[in-house]
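Before any comments, here is the structure.
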Amino acid sequence: MDSAIIIEKGIFITVIFAITMLMAMYSTWAERKVAAWLQDRVGPNRAGPLGLFQPLADGLKLFSKEEFMPDTPNKFLFILGPAISMSMALITSAVIPWGDTLEIAGSTVVLQATDIDVALLYVFAVLSTSVYGIMIGGWASNNKYSLMSALRASSQMISYEVAMGLSIIALIMMSGTLSLREMAAQQHGMNWNIFYQPVGFLIFLVCSFAETNRTPFDLAECEAELIGGHHTEYSSMKMGFYLFGEYAAMFISSAILSILYFGAYNYPGMDWMAENAGANIANILGIVVLFVKICFFIFFYMWIRWTIPRFRYDQLMNLGWKMLIPLAIANIVLTGIIIIIADKL
Amino acid sequence: MSELLLPPEQRYASVINQRRNEDGSELSILNLGPTHPATHGIFQNILLMDGERILDGESTVGYIHRAFEKIAENRPFYQITVLTDRLNYCSAPINNMGWWMTIEKALGIEVPKRVQYMRVIVMELARIADHIICNSVLGVDTGALTGFLYVFQFREKIYEIYEEICGARLTTNMGRIGGFERDWSPAVWSKIDAFLEEFPAAWQEFENLLVRNRIFMDRTINVGPISAEKAMSYGFTGPNLRAAGIDYDIRVAQPYSSYEDFEFDIPVGKSGDTYDRFCVRNAEIWESLKIIKQALAKMPEGNFHADVPEYYLPPKEDVYTTMESLIYHFKIVMGEIPVPLTEVYHPVEGGNGELGFYLITDGSRTPYRLHFRRPCFIYYQAFNDMVRGQNLSDAIATLSSLNVIAGELDA
């Protein structure tokens with residue numbers, strides 16, 4: 001029995017890992033295609049049909065590039081930086097419920113690597129650890145631009161994590177659980193959290209832009225000022241890890257957004273599908289729906305990136321501390337009042 | 001006095017030490033350039049930074065100094081045009097036309113009205129191309145790449161017009177003494193018409209993307225401001241001076257090439273900050289379009305060059321058949337055309353400001369002395385003054401909106 005679970009989970013983790021990598025890889029392709037589309041260009045179209053092999057070609061190129069190491073005081077930390085960035089982006093997917101259950105050969109397969117009851121805290125812990133990747137890498141590069149980028153990134157992430165956490169508290173007050181699986185289940189039907197927590201969603205959305213270092217919060221790597229920031233001194237696959245980690249983080253945070261606010265794998269008419277086509281079909285469709293939502297958010301990230309300019313450092317801090325945090329606190333108070341009133345009725 | 005002569009790293013060292021002793025905080029020196037992506041060229045800024053804030057800066061010029069003024073002293077007049085191409089290469093035709101007008105002034109040549117109007121069209125197209133680059137690159141430097149690519153297609157269209165006129169695109173070497181090398185083909189006129197038809201919509205789209213964009217406004221308003229007095233005392237001209245609120249435009253102040261025939265406004269700003277510079281350039285593009293339309297409507301009939309056989313190359317068939325033409329052809333190509341003893345200064349409103357040519361001749365085939373008054377060189381002197389006390393990001397936006405072009409800065 002135990003070995004069966006281990007094998008089942010092992011297979012599942014491998015699949016999730018592969019999918020995350022694939023999504024991150026093809027996010028780079030999608031980013032370039034979306035950018036091209038928004039900018040009246042063609043985008044990558046040489047490697048394979050529609051340039052679909054472009055990510056593979058990029059990966060191959062990065063692997064075969066010369067490994068350049070600056071004259072840094074600590075080579076271990078220099079290598080640790082991208083490693084942290086990459087691994088932290090990947091291990092978040094452990095707690096994400098990709099779908100409901102599937103009945104395969106008489107046994108119930110839970111479509112989640114692990115259902116821990118503090119999943120949300122776990123996600124936050126991992127996300128906040130990922131800033132160390134940039135900090136350590138930027139510091140170990142022994143370059144003033146990288147160092148400046150590391151400082152910007154760390155102060156940005158710390159300030160936006162506060163607002164992000166506060167926006168989530170309102171959600172937790174409402175749902176009464178920290179488990180992502182239960183949260184997904186609660187949104188069955190059309191009870192998506194976005195309808196109950198629109199302000200919280202907005203704050204969370206803005207903060208997740210900041211957490212993933214995407215425009216308009218990409219101060220840490222703005223090429224015009226800091227020449228790429230923390231990855232100025234990186235070359236070959238170490239740089240690839242930073243870029244890849246960013247896309248993996250984007251994928252994961254899109255998944256979290258969809259699960260927390262956009263009903264996870266639930267879709268309208270899910271019960272009807274389960275009755276008429278069987279639970280398995282309905283749940284497989286649920287996985288597809290979740291990925292559609294994730295893809296939409298990934299597209300949204302790109303859409304924003306190619307539309308608006310980036311903030312300045314002090315404006316970013318003002319927005320975080322003077323706008324988002326008070327708004328998040330007000331949202332908590334409002335949610336609390338509504339919950340009490342709803343209880344009384 | 002010895003303090004000022006030291007290299008900035010050493011001068012700043014004492015400030016850094018002093019600050020460390022006072023409150024233990026650490027200042028740093030940041031080397032912005034010479035090959036930083038935001039400098040859009042090669043020039044260096046050594047900045048004394050307190051975290052993100054710039055306390056002081058020192059600029060270095062001369063990384064691509066090519067001694068154009070010295071080279072010009074050894075070249076026949078028509079061969080100097082290629083040097084002017086490489087000043088502000090974003091609006092090379094203005095430089096070319098300015099140089100031809102300078103020679104014509106020195107020689108006392110009156111060019112036909114048609115040539116003057118054609119020159120106005122080319123110069124205004126060049127001004128549009130210059131402002132497209134400056135404003136869209138300001139977008140890029142603040143993080144918005146998309147607008148840049150929208151309007152860059154139209155710079156390409158302008159380059160196609162140049163290509164039809166003279167065969168070259170970036171460094172155009174366009175025109176001759178007294179006019180153009182050949183008459184404009186129908187393709188030129190139709191391309192100009194097509195440009196005038198398509199460009200306004202695209203530029204409107206670009207303006208919609210940035211002008212009222214909250215983030216862009218926050219990034220540029222009150223960034224790198226310069227007061228009118230200070231701008232005047234530095235010798236600012238062009239859009240950067242007009243952004244500070246002074247309506248000085250060579251096209252109006254000292255009209256050349258029949259600019260007095262056209263109706264257009266001089267857009268001015270108020271505070272001389274990055275946003276005002278951006279808006280002034282935007283408005284100037286609309287004014288340039290107005291000028292081109294008027295010039296097309298009022299285009300007089302006539303020849304495409306002045307009748308000055310000793311300076312203007314004769315047609316090839318005449319060279320082979322008539323003796324005078326052969327002589328002129330030989331003398332012009334060999335650069336054996338002496339210019340009378342004279343001293344002229346001719347300013348034109350370049351893409352970036354007053355582009356002046358100060359020419360002294362000694363009656364020989366080459367200039368005795370030639371000086372280019374290059375607006376970028378003057379703007380760059382003020383850069384450190386403008387960014388003192390601002391953030392690093394502000395410095396990048398300021399530099400971008402001053403439109404300092406390394407070719408013109410260093411000559």
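The values are calculated or read from the model by the stated rules, or taken from the named source; none is laboratory data. Because the structure is predicted, anything quoted here is derived from the model rather than measured. In this analysis, Cβ positions are derived from the backbone assuming ideal geometry, glycine residues included, and neighbour counts consider all displayed protein chains. What goes into the accessible areas is simple: the full protein's heavy atoms, side chains included, and nothing from ligands, DNA or RNA. Shrake-Rupley method; radii C 1.70, N 1.55, O 1.52, S 1.80 Å.
Annotations
- Where a residue in the stretch B:311-324 is free of Cβ contacts under 8 Å to residues at least 60 places away in the same chain and its partner, wherever it lies, is in a helix (DSSP H, G or I) and of a type in the set (Phe, Trp, Tyr), with Cβ under 7 Å and at least six apart: B:PRO314/B:TYR328
- Residues in the stretch B:144-195 that are open to solvent by 10 Å² or more (accessible area, probe 1.4 Å), in a loop (DSSP other than H, G, I, E, B) and in contact (Cβ under 8 Å) with a residue 40 or more places away in the chain: B:LEU170, B:THR171, B:ASN173, B:ILE177, B:GLU181, B:ARG182, B:ASP183, B:TRP184.
- Restricting A:PHE244, A:PHE209 to those that are within 14 Å of chain B (Cβ to nearest Cβ), of a type in the set (Phe, Trp, Tyr) and either under 19 Å from the mean Cα position of the chain (by Cα) or open to solvent by 10 Å² or more (accessible area, probe 1.4 Å) (or both) reduces the list to A:PHE209.
- Positions within the stretch B:249-288 being among the acidic types (Asp, Glu), without any contact (Cβ under 8 Å) to a residue 60 or more places away in the chain and part of a loop (DSSP other than H, G, I, E, B), in sequence order: B:GLU263, B:ASP265, B:ASP273
- Residue selected from the stretch B:122-167 under the condition more than 24 Å from B:PHE216 (Cα to Cα) and over 18 Å from the mean Cα position of the chain (by Cα), by the criterion nearest to the other protein chains (Cβ to nearest Cβ): B:LYS157
- Filtered residue count, the stretch A:36-55, keeping only those that are hydrophobic (A, V, I, L, M, F, W, C), within 21 Å of A:PHE299 (Cα to Cα), touching a helix residue (DSSP H, G or I) at 6+ places or on another chain (Cβ under 8 Å) and open to solvent by less than 90 Å² (accessible area, probe 1.4 Å): 2
- Residues located in the stretch A:212-230, provided they are assigned to a helix (DSSP H, G or I), within 11 Å of another protein chain (Cβ to nearest Cβ) and open to solvent by less than 10 Å² (accessible area, probe 1.4 Å): A:LEU219, A:ALA224, A:GLU225, A:LEU226
- When A:THR92 is tested against the conditions (1) in a helix (DSSP H, G or I); (2) modelled with pLDDT under 85; (3) open to solvent by 60 Å² or more (accessible area, probe 1.4 Å), the lone failure is (3).
- Every residue from the stretch B:215-248 that is in contact (Cβ under 8 Å) with a residue 24 or more places away in the chain and open to solvent by 30 Å² or more (accessible area, probe 1.4 Å): B:ILE221, B:ASN222, B:PRO225, B:SER227, B:LYS230, B:TYR234, B:GLY245
- Qualifying residue in the stretch A:164-179 (condition: open to solvent by less than 60 Å² (accessible area, probe 1.4 Å), of a type outside the set (A, V, I, L, M, F, W, C), within 14 Å of another protein chain (Cβ to nearest Cβ) and without any contact (Cβ under 8 Å) to a residue 40 or more places away in the chain): no
- Any chance B:ALA382 is open to solvent by less than 10 Å² (accessible area, probe 1.4 Å) and within 14 Å of chain A (Cβ to nearest Cβ): no
- Pairing each residue of the stretch A:7-29 that is closer than 18 Å to A:ASP115 by Cα with any residue that is assigned to a helix (DSSP H, G or I) and open to solvent by less than 40 Å² (accessible area, probe 1.4 Å), provided the two are 6+ apart or on different chains, yields C-beta distances under 6 Å for A:ILE16/A:SER93.
- Where helices (runs of 4 or more DSSP H) sit wholly within the stretch A:264-345, those with at least 1 residues that are within 14 Å of chain B (Cβ to nearest Cβ) occupy A:279-305, A:313-318.
- Residue within the stretch A:288-302 that is closer than 30 Å to B:THR220 by Cα, under 24 Å from the mean Cα position of the chain (by Cα) and surrounded by fewer than 18 Cβ atoms within 10 Å (Cβ to Cβ) present: yes
- Within the stretch A:43-54, residues that are touching a residue at least 24 places away in the same chain (Cβ under 8 Å) sit with their Cβ atoms under 7 Å from residues that are open to solvent by less than 60 Å² (accessible area, probe 1.4 Å) and assigned to a loop (DSSP other than H, G, I, E, B), at 6+ positions apart or across chains, in these pairs: A:GLN54/A:PRO44; A:GLN54/A:ALA47.
- Only one of the listed residues (A:LEU120, A:LEU147) is within 19 Å of the chain's Cα centre (by Cα) and either farther than 19 Å from A:LYS75 by Cα or within 14 Å of chain B (Cβ to nearest Cβ) (or both). That residue is A:LEU120.
- Single residue of A:LEU60, A:LEU22 found to be over 29 Å from A:LEU290 (Cα atoms) and modelled with pLDDT of 85 or more: A:LEU60
- Filtered by the rule that a residue be part of a helix (DSSP H, G or I), out of contact with any helix residue (DSSP H, G or I) (no Cβ under 8 Å at 6 or more places or on another chain) and either in contact (Cβ under 8 Å) with a residue 24 or more places away in the chain or more than 10 Å from every other protein chain (Cβ to nearest Cβ) (or both), the stretch B:196-214 gives B:GLU197, B:ALA201, B:GLN204, B:ASN208.
- Any hit, the stretch B:279-294, residues being farther than 24 Å from B:MET101 by Cβ, over 18 Å from the mean Cα position of the chain (by Cα) and open to solvent by less than 60 Å² (accessible area, probe 1.4 Å): no
- Test set (1) part of a loop (DSSP other than H, G, I, E, B); (2) open to solvent by 50 Å² or more (accessible area, probe 1.4 Å); (3) touching a residue at least 24 places away in the same chain (Cβ under 8 Å) - A:PRO97 fails condition number: (2)
- Selection of the stretch B:299-347 for residues being of a type in the set (Ser, Thr, Tyr), closer than 30 Å to B:ASP261 by Cβ and part of a loop (DSSP other than H, G, I, E, B) yields B:TYR311, B:TYR312.
- Hits in the stretch A:56-68 - residues which are exposed (fewer than 14 other Cβ atoms within 10 Å of the Cβ) and either more than 14 Å from A:LEU243 (Cβ to Cβ) or more than 29 Å from the chain's Cα centre (by Cα) (or both): A:LEU56, A:LEU60, A:SER64, A:GLU66, A:GLU67, A:PHE68
- Boolean, A:LEU127 is in contact (Cβ under 8 Å) with a residue 60 or more places away in the chain and surrounded by fewer than 24 Cβ atoms within 10 Å (Cβ to Cβ): yes
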